[in-house]
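Here's the structure, in structure tokens; my notes come after.
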């Protein structure tokens, strides 16, 4: 199987690559492995795919990659579970948390997320900084959680009897997801301090990755566009928002990328294309060290004044967008330093419902910055603590961004009035 194709400019209907949600995974259309019934062959195929695709082949020498394959096959492997455990052990010495096995349930969940839906209870979660408690940002509209009356600021204490401090943020989210029609038991504490136990039935819920509204601020009409992930529907939803009648008369825009941990890279690139006019978006570097630049086209959807909100949850594809906006002088960034993920993963199915995420490229912002483990420093740092409910009534960071937009507009008006 040939190596994944280099990253190229997105087409109106891109089909060569997708970047999956959850820190972003590039799904290359390399030929999937044939369905294999022998557990050992799953391990062999996993080794082969990583061997031909991994971004840093020099790392193989350091971990004795060929010997790892042999040692892995010497252990008892008689079931899919044995094969998955063996693959986990084989990949661990690479020291790359983004190159890993996805078991069938996790693979299926990721694929659903790329469509903008998830099977669960419909809670958006965050970690409260003061005590690392998992709390509700907001329930998704029409979800089981919303119908049960769960509100922003609710602390999720346990899921199915497992303490959320033990599960962590991602573990809690995974525990809440599951087969449609199945039930999950939550123990939570409302903002009032009252503790409750509630059993909810999981069902398919829209993740509502794009939300928009207009806000009147000091006599100016401003647009607010929040993107929580880059799923397949996002570019079209962004287009509809920017070209809709509600945004027809906005004077400036606040783009909110807080807690956007990535998604489909082509969705992120299409959104960048909506704000940039023939300007560079990103450069990728493959395992041979070859760099491929990507530039925006001429179909810019919004060219007016804008500011962009980011935080430590802004990662991967959303960092590509934020970096492009900042480096091109298109939008200042406000908030806190971004996550710092400058790597791209390809997702390859193994044929039995599982898949491999493999790091296949690095990316560099238009000014040449490699942000891996560094993140992007915003132009204006906003004061902690961060608001728990981005876009909500008590979002102090949004209020500061709106005030900054007004200041930009009024400075522009004053400048244009000079003789």
Just wondering, is there one or more residues in segment 205-212 that are in contact with a helix residue (DSSP H, G or I) (Cβ under 7 Å, 6 or more places away or on another chain), surrounded by fewer than 22 Cβ atoms within 10 Å (Cβ to Cβ) and modelled with pLDDT of 95 or more? yes
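Within segment 105-115, is there a residue that is at pLDDT 90 or above and touching a strand residue (DSSP E or B) at 6+ places or on another chain (Cβ under 9 Å)?
Scanning segment 105-115 turns up no residue that is at pLDDT 90 or above and touching a strand residue (DSSP E or B) at 6+ places or on another chain (Cβ under 9 Å).
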Can you pull out the residues in segment 118-161 that are crowded, with 22+ Cβ neighbours inside 10 Å and farther than 18 Å from residue 183 by Cα? 134, 135, 136, 138, 154
Touching a residue at least 40 places away in the same chain (Cβ under 8 Å) and either within 18 Å of residue 401 (Cβ to Cβ) or in contact with a helix residue (DSSP H, G or I) (Cβ under 7 Å, 6 or more places away or on another chain) (or both): does that describe residue 364? no
Checking residue 175 against (1) under 29 Å from residue 305 (Cβ atoms); (2) in the same structural domain as residue 162 (by TED's automatic domain parsing), which test does it fail? (1)
Of residues in segment 96-112 being in contact (Cβ under 8 Å) with a residue 24 or more places away in the chain and assigned to a loop (DSSP other than H, G, I, E, B), the one farthest from residue 67 (Cα to Cα): 103
Do any strands (runs of 3 or more DSSP E) entirely within segment 252-326 hold 2 or more residues that are at pLDDT 95 or above and under 25 Å from residue 384 (Cβ atoms), and if so, which? 252-256, 306-310
Single residue of segment 57-78 satisfying the filter (in contact (Cβ under 8 Å) with a residue 24 or more places away in the chain and surrounded by 13 or more Cβ atoms within 10 Å (Cβ to Cβ)) that is nearest to residue 39 (Cα to Cα): 77
Taking segment 213-240 only, how many residues are assigned to a helix (DSSP H, G or I) and either surrounded by fewer than 22 Cβ atoms within 10 Å (Cβ to Cβ) or not assigned by TED's automatic domain parsing to the domain that holds residue 307 (or both)? 4
Looking at the structure I just gave you, is residue 256 surrounded by fewer than 24 Cβ atoms within 10 Å (Cβ to Cβ) and assigned by TED's automatic domain parsing to the domain that holds residue 398? no
Quick count over segment 331-342, residues being farther than 12 Å from residue 379 by Cβ and surrounded by fewer than 21 Cβ atoms within 10 Å (Cβ to Cβ), is 1
Index of the failed condition, residue 134 passing every other in (1) assigned to a strand (DSSP E or B); (2) in contact (Cβ under 8 Å) with a residue 40 or more places away in the chain; (3) under 20 Å from residue 197 (Cα atoms): (2)
Test of understanding: among 301, 321, which residue is in contact (Cβ under 8 Å) with a residue 40 or more places away in the chain and over 18 Å from the mean Cα position of the chain (by Cα)? 301
Would you say residue 356 is farther than 17 Å from residue 96 by Cα, outside any loop (DSSP other than H, G, I, E, B) and in contact (Cβ under 8 Å) with a residue 40 or more places away in the chain? no
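The values are calculated or read from the model by the stated rules, or taken from the named source; none is laboratory data. In this text, all values refer to a predicted model and were calculated from it rather than measured experimentally. Glycine also receives a Cβ, built like all others from the backbone with ideal geometry; neighbour counts cover every protein chain displayed.
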